[in-house]
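Working notes for the structure below.
Just so it is clear, none of the values below were taken in a lab; they were calculated from the coordinates. Computed from a predicted structure; not experimentally measured. As a convention, Cβ positions derive from the backbone with ideal geometry for all residues, glycine included, and neighbour counts pool all protein chains shown.
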Amino acid sequence: MIKAVRGTRDLLPPDTELWNFVDHKVREVFARYNYHEIRTPLFESTELFARGVGEETDIVSKEMFTWEDKARAASEKSQSLTLRPENTAGVVRSYIEHELGRSGLLQKLYYIGPQFRRERPQKGRYRQFYQIGAEVLGPPTAGSELPIRDAEILDMLTALLDAVGLQGWTLYLNSVGCLNCRPAYNQALREALAGVKDQLCADCQRRAETNPLRVLDCKIPADQPIIEKLPKIADYLDDDCRNHFAQVRAILDTLEVPYQINERMVRGLDYYTRTTFEFTHGELGAQSAVLGGGRYDGLSEQLGGPKAPGIGFAIGEDRLVLALQAQLAQALAPLKAFVIPLGAGMNRHALKLTRELRASGITADVGDESFRMKKSFETAEKLGAKFVVIVGENEVQASAFAVKNLKSGEQTTVPRAELTRFLED
Ligand code: AMP
């Protein structure tokens, strides 16, 4: 048997109902905040991620699906390509390529789509997973650097989580400084790490030299007590970063968006500057981060573009759906009526009635005249139908149908003209 590849999976009904529900809410809420959709390719040149996300990150150093794409014609060059492990780099590349900053306005863009990382698969962690993300970026004259943008994006996230009905999340907030103050913090980290490096895992020993900030991402339990004692970034922020962060918090306080400061949260991508954040949910176990994001004021320039500060996030849709599953599965598009054709020649009458119900907005399904009564009822139960509607010769003639409420067991005869209203109650 050929099976789905490790770390990939099929999304099947009824789960796909929940996925569509989430997508629908995302489009609705993001539109209210004046975001517009962008769709970038599933693969990009490897260099985009190496330069954007950072060579020393786990994503780039271990997790990318990369291949050498051979030239097929003399006019082509072979090049290294990579399935996108995240979408911010692609959006910023697109912003630069299409000169979206030329309008002088903020670009408020969102995407929904698959991302690919060769991680160790487990619950809530896949090699093909789905992200819902949004980015707001633009020239500094458009206000792209201002704290109101950070607060607005966090406010939109709380509105979205509300709209999909996710309860019990926690928002963690931090500032990771900027290109001006980060070097001093990196230096402090390097010095602190010099004494304890030998006690850390092999990855951290390497990171301590190449990119000490990444040590804070380490998940190895034995390393944690040592990492806890390292210098804190809050003590190294310059005045501008400190002020920026204070203003973000002040606006969030006014909006009554609850958050907690987590000074260790530097996030696993190199492009972040200043505000970083993560929303976690208790139901998710080890992979508790539902979404993460932050500011990336230097990313456009790093990719050869104009100055275009920005902030964005990515929601792990797989995890959001997992967290919602128990809460919502029942409530979504339940089957209202299962129509049972009873006796030979009744299929066409049953299908006609089912069509009438569907046309008036009722979710309905239909059996077959070859089913015996018992099998029809069992099918209706399995489908989770609320009502069964029986279509026999007598019913068609009288234009009134026997309707049974499967929950209460109550049976009534309902005239055709009143059927829709009866089922809706
Ligand atoms: P990141 O792009 O690493 O900032 O991740 C943003 C969000 O995407 C995380 O908070 C997760 O919810 C989700 N995510 C990241 N990697 C995976 C994965 N391998 N499988 C499922 N979800 C993921």
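Tabulated values for the structure
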{"quantity": "Scope the stretch 355-395; condition among the charged types (D, E, K, R) and not in a helix (DSSP H, G or I); matching residues", "calculated": "Asp365, Asp368, Glu369, Arg372, Lys386"}
{"quantity": "Evaluation of Gly101 against (1) part of a helix (DSSP H, G or I); (2) under 30 Å from Arg206 (Cβ atoms); (3) over 21 Å from the mean Cα position of the chain (by Cα); (4) not charged (D, E, K, R) (one fails), failing number", "calculated": "(2)"}
{"quantity": "Residue list for the stretch 2-38, filter: more than 16 Å from the ligand (Cβ to nearest atom), closer than 19 Å to Pro121 by Cβ and among the aliphatic types (A, V, I, L, M)", "calculated": "Ile2, Leu12"}
{"quantity": "Positions within the stretch 197-209 being surrounded by 12 or more Cβ atoms within 10 Å (Cβ to Cβ) and either under 33 Å from the mean Cα position of the chain (by Cα) or over 27 Å from Ala286 (Cα atoms) (or both), in sequence order", "calculated": "Leu200, Cys201, Asp203, Cys204, Gln205, Arg206, Arg207, Ala208, Glu209"}
{"quantity": "Residues (basic (Lys, Arg), farther than 21 Å from Gly293 by Cβ and within 15 Å of the ligand (Cβ to nearest atom)) located in the stretch 76-119", "calculated": "Arg118"}
{"quantity": "Some residue of the stretch 120-128 being without any contact (Cβ under 8 Å) to a residue 24 or more places away in the chain and within 16 Å of the ligand (Cβ to nearest atom)", "calculated": "yes"}
{"quantity": "The stretch 295-315, residues that are within 16 Å of the ligand (Cβ to nearest atom) and touching a strand residue (DSSP E or B) at 6+ places or on another chain (Cβ under 6 Å)", "calculated": "Arg295, Tyr296, Gly310, Ile311, Gly312, Phe313, Ala314, Ile315"}
{"quantity": "Which listed residue, of Ile340, Ile315, Ile390, is closer than 30 Å to Arg51 by Cα and among the β-branched types (Val, Ile, Thr)", "calculated": "Ile315"}
{"quantity": "Matching residues, the stretch 104-128, being part of a strand (DSSP E or B) and among the basic types (Lys, Arg)", "calculated": "Lys108, Arg125"}
{"quantity": "Looking only at the stretch 129-171, and only at residues there that are in contact with a Gly (Cβ under 8 Å, 6 or more places away or on another chain), of a type in the set (Val, Ile, Thr) and assigned to a helix (DSSP H, G or I), the one that is nearest to the ligand (Cβ to nearest atom)", "calculated": "Ile153"}
{"quantity": "Only listed residue being assigned to a loop (DSSP other than H, G, I, E, B) and either farther than 30 Å from Glu301 by Cβ or within 16 Å of the ligand (Cβ to nearest atom) (or both), chosen from Arg264, Arg214", "calculated": "Arg264"}
